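As structure tokens, the structure follows; a few thoughts come after it.
The values are calculated or read from the model by the stated rules, or taken from the named source; none is laboratory data. If you're wondering where the values come from, they're calculated on a predicted model, not measured in any experiment. Backbone-built Cβ (ideal geometry, glycine too); neighbour counts: all protein chains shown.
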Amino acid sequence: MFLSVFDMFKVGIGPSSSHTMGPMVAAARFLDMMRASPFAFHGLRASLHGSLAFTGVGHATDRATILGLAGFRPDTYDDDKAEATLAAINETGTIELDGLGTLRFDPKADMIFDYDHALTGHANGMVLMATDAQGDVTLRQVFYSVGGGFVLTEEELAQGKATDEGDPIPYPFKSAVEMLEMAKSSGLTIAQMKRANEVSRGCEESLNRGTARLWQVMNDCINRGLERDGILPGGLKVRRRAKGIYDALMAERGMNLTAPHTINDWMSVYAMAVNEENAAGGQVVTAPTNGAAGVLPAVLRYYLDHVPGASEKHMEDFLLTAAAIGGLVKYNASISGAEAGCQAEVGSAAAMAAAGLCAVMGGSVEQVENAAEIALEHHLGMTCDPVKGLVQVPCIERNGLGAIKAVSAASLALRGDGEHFVPLDAVIETMRQTGQDMHEKYKETSLGGLAVNVPNC
């Protein structure tokens with residue numbers, strides 16, 4: 001199995017990797033299909049199903065789909081240009097596209113929220129259609145946004161897990177057991193094996209440059225979140241809190257008046273800063289999703305700013321180790337809240353962050369696997385129940401607590417010798433089964449949990 005660090009960590013926009021980035025990516029793919037088709041097209045249409053319909057407005061799924069159909073992509077997204085494009089589409093009822101000309105698209109009529117007909121492949125389903133001059137559909141494609149910005153067509157999903165058709169990699173572990181065995185036989189760390197896999201498909205320079213950019217975007221996102229205040233969009237009137245908490249923490253520094261547990265506030269504020277930016281539609285890095293994007297950057301920032309002897313030269317090892325763990329979770333279970341609840345998002349993020357921190361603090365391969373296991377185990381059963389479909393309540397605080405759990409898990413693992421009762425593979429499988437058994441209303445539909453027990457306005 002090979003899942004690149006740049007697949008697990010993708011630069012994109014908020015508020016959701018599965019509900020915002022995924023639909024935009026799907027729309028871009030559909031445009032490529034249209035350009036490759038022999039037909040002449042005159043219009044576009046889109047319908048959202050399942051979780052994409054139920055929480056689509058709160059996650060800006062309609063906006064992301066329309067912008068995707070207008071040629072926007074998450075990694076090159078320009079907010080000012082997007083606003084101007086949306087205004088033009090709403091005014092003219094058309095979309096201008098290179099290679100396809102002027103196509104009819106009325107957002108009120110052609111952007112459909114279908115709450116009654118869920119698609120069978122995945123909770124996050126959407127149908128994109130191109131029409132002829134009479135309005136008849138001449139090209140139709142079902143897409144599923146399966147979490148973390150990953151998108152599969154109906155046909156790709158039916159084929160099962162995506163097969164890796166590239167050149168063989170040196171360390172193709174598909175489970176934690178295989179990972180431990182390969183590390184033992186090779187004498188390499190998880191990061192070293194992951195680096196060898198990455199370099200075998202690319203080059204060391206691009207890997208170094210790419211991971212440096214990932215951390216730059218993550219850290220910039222933290223800093224923006226620590227500097228901005230005000231009310232988050234969406235109607236809940238949730239106030240940004242990260243700046244106020246950060247200002248108070250900075251004021252207390254050096255006063256010798258703070259309790260030791262205040263370090264938890266630092267971890268939380270870094271994570272909350274990211275997720276407030278995400279909720280506002282800012283630039284974030286999926287880690288492994290947007291809804292859980294604050295956990296890993298918060299733990300890495302905690303390491304760099306608060307752990308004696310920390311060095312940014314270890315940043316790449318942190319990300320590579322975390323990506324290896326995230327790949328195991330995605331391959332053997334899920335990172336999608338709509339598929340398995342928030343255990344698949346914040347739980348996976350905490351496992352990845354715990355593994356990364358344990359690795360850069362000198363943990364053995366066995367201790368790193370233990371750290372990931374502890375973090376994921378103690379998120380099992382966590383539901384995804386965003387109030388009003390917005391990635392705000394309980395999501396922002398939940399990232400802070402996920403970061404705290406990740407650091408605690410790494411610390412516990414480092415206090416041991418790597419021997420532990422529950423293997424990581426068993427926890428990943430348990431998470432898969434738990435997600436399968438979880439009622440649909442607790443999986444990113446806003447039909448249960450906090451979403452129905454907290455007033456929305």
### Task
Give the range 11-38 a look and list any residue that's in contact (Cβ under 8 Å) with a residue 24 or more places away in the chain, out of contact with any Leu (no Cβ under 9 Å at 6 or more places or on another chain) and assigned to a loop (DSSP other than H, G, I, E, B), or say none.
G14, S16
## Note on the structure
Expected single match for hydroxyl-bearing (S, T, Y), in contact with a Gly (Cβ under 9 Å, 6 or more places away or on another chain) and without any contact (Cβ under 8 Å) to a residue 24 or more places away in the chain among T85, T76 is T85
#### Entry: Filtered residues of the range 102-134 (kept if under 9 Å from G43 (Cα atoms) and in contact with a helix residue (DSSP H, G or I) (Cβ under 7 Å, 6 or more places away or on another chain))
F105, A130
### Query
Any residue at all in the range 440-448 that is closer than 30 Å to S175 by Cα and assigned to a loop (DSSP other than H, G, I, E, B)?
yes
### Task
Kindly check whether there is at least one residue in the range 424-434 that is more than 15 Å from L328 (Cβ to Cβ), polar (S, T, N, Q) and at pLDDT 95 or above.
yes
### Message
Filter the range 422-439 down to the residues that are in a loop (DSSP other than H, G, I, E, B) and either touching a residue at least 24 places away in the same chain (Cβ under 8 Å) or of a type in the set (D, E) (or both) and list them by number.
### Response
V422, P423, M438
### Message
Quick check on the range 34-45. Is at least one of its residues surrounded by 24 or more Cβ atoms within 10 Å (Cβ to Cβ) and either more than 17 Å from the chain's Cα centre (by Cα) or over 30 Å from P168 (Cα atoms) (or both)?
### Response
yes
#### Entry: Residue within the range 283-298 that is closer than 22 Å to A183 by Cβ and in a helix (DSSP H, G or I) present
yes
#### Entry: Every residue from the range 305-364 that is hydroxyl-bearing (S, T, Y), within 22 Å of D417 (Cβ to Cβ) and in contact (Cβ under 8 Å) with a residue 60 or more places away in the chain
T321
### Task
Run down A451, A403 and say which single residue is within 30 Å of K184 (Cα to Cα) and either touching a Lys or Arg at 6+ places or on another chain (Cβ under 7 Å) or buried (at least 24 other Cβ atoms within 10 Å of the Cβ) (or both).
A403
### Task
Within the range 137-170, track down each residue that is buried (at least 16 other Cβ atoms within 10 Å of the Cβ), touching a Ser or Thr at 6+ places or on another chain (Cβ under 7 Å) and not β-branched (V, I, T).
L139, Q141, F143, S145, G147, G148, G149
### Candidate set: the range 73-127, residues that are charged (D, E, K, R) and assigned to a helix (DSSP H, G or I); chosen: the one surrounded by the most Cβ atoms within 10 Å (Cβ to Cβ)
D110
### Task
Sort through E369, E397, E419, E373 and tell me the only one that's in the same structural domain as A273 (by TED's automatic domain parsing), surrounded by fewer than 24 Cβ atoms within 10 Å (Cβ to Cβ), in a helix (DSSP H, G or I) and not aliphatic (A, V, I, L, M).
E397
### Query
Do any helices (runs of 4 or more DSSP H) lying entirely in the range 141-223 carry at least 2 residues that are among the polar types (S, T, N, Q), and which ones are they?
176-186, 190-201
#### Entry: Options V422, V427; residue that is more than 30 Å from I231 (Cα to Cα), in contact with a Leu (Cβ under 6 Å, 6 or more places away or on another chain) and not charged (D, E, K, R)
V427
### Message
Let me spell it out: the conditions are (1) over 29 Å from V269 (Cβ atoms); (2) modelled with pLDDT of 95 or more, and T445 meets all of them except one. Which number is the exception?
### Response
(2)
### Query
Are any of the residues in the range 259-279 at pLDDT below 95 and either of a type in the set (K, R) or in a loop (DSSP other than H, G, I, E, B) (or both)?
yes
